[in-house]
Amino acid sequence: MIAELLENQAVFAGLIATCGGLLAYALIYPLLSGEARADKRLQSITVSVDRVVRSKGVELGMRKKEVAATIKELDAKQKENSRVPLQGRIHQAGLDWSVKKFFVASAISALLFAAAGFFVKKTLVAAVVCLPVGGFAVPFFVLSYLRKKRVKKFIQEFPNAVDVIVRGIKSGLPIGDCLRIIAMEAAEPVRGEFRHIVDIQQLGVNVADACAELYKRVPVTEANFFGIVIQIQQKSGGNLSEVLSGLSKVLRERRKMKGKIIAMSTEATASAAIIAALPLVVGILVYLSSPAYIELLWLREAGQKAMMVSAVWMAMGVFVMKKMINFDF
């Protein structure tokens, strides 16, 4: 009996000693092995990362607000300068004329058209009718045609100029030197426009404002993008070469999309031209084959009214077809 009691006490004492050893191992070993220090360091690193992430988020939010404010400011300036004066339109057409010289050329054109109308019809009424055509319609039509032609050339060459800036910045050149390279080596009209940017920059205007002047002289979306990118980079910072590289890709994709739209709308344009020209062509052919048959249209009052109504409906049809095939890109 006593032996069994002593044996049970020994087993119980052994269990107590084992539990005590395991408890001591659980409490002391992490301190000796460095796990506690590792956990503490991991916790401190986690807190530091959270602080950095929060600070980065705040900085990113502030940067987005600055960019949005800059874009609003640029839009407001562009709306103020949306109306281009006559001198600006003359420059956009690639002419170095003054307004006075343009009006002198318009007056000469008006006199020539009036003289041509008088000699053809031998009446003063024809000369008076041709006077505003030669004085206003023809000069402004030619000015608009030259402007569109010059803008088209600018859009074709402008992505290459942006690529020159990207490569120059990546090689370590400042943006001013890149602009000078374009002003010397690019094709017209990009070369002339960037020469103007370099010239006003040498007068004390900063790069951002000088590049913003490009949109005033060439009012196209591509020039607007370029000015906004430069101004945002100057105010908010960032990798200018990367941003301009993305801008170059966007400009080239826009040009590809424009080509696709023109190719897809060519059939509709040709159809509209054929439909618009068909009545005139048929009328001329009928007049050449049997003039007595078609002369009733302008010799009799009913024919004159029919021609007037037909001209109105024809003009409406041409206007509708033009709106249908005119894509805004």
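The values are calculated or read from the model by the stated rules, or taken from the named source; none is laboratory data. No experiment lies behind these values; they were computed from the predicted model shown. For neighbour counting, all protein chains shown are included, and Cβ atoms are generated from backbone atoms with ideal geometry for every residue, glycine included.
Structure data summary
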{"read-out": "Helices (runs of 4 or more DSSP H) within the range 271-329 that include 1 or more residues touching a residue at least 24 places away in the same chain (Cβ under 8 Å) and under 30 Å from residue 255 (Cβ atoms)", "value": "301-325"}
{"read-out": "Residues located in the range 253-277, provided they are modelled with pLDDT of 80 or more and of a type in the set (Asp, Glu)", "value": "253"}
{"read-out": "Meets criteria (assigned to a helix (DSSP H, G or I), of a type in the set (A, V, I, L, M, F, W, C) and without any contact (Cβ under 8 Å) to a residue 24 or more places away in the chain) for residue 205", "value": "no"}
{"read-out": "Selection count, the range 149-186, where residues are out of contact with any helix residue (DSSP H, G or I) (no Cβ under 9 Å at 6 or more places or on another chain) and within 26 Å of residue 256 (Cα to Cα)", "value": "2"}
{"read-out": "Flag for residue 266 being in contact with a helix residue (DSSP H, G or I) (Cβ under 9 Å, 6 or more places away or on another chain) and among the polar types (S, T, N, Q)", "value": "no"}
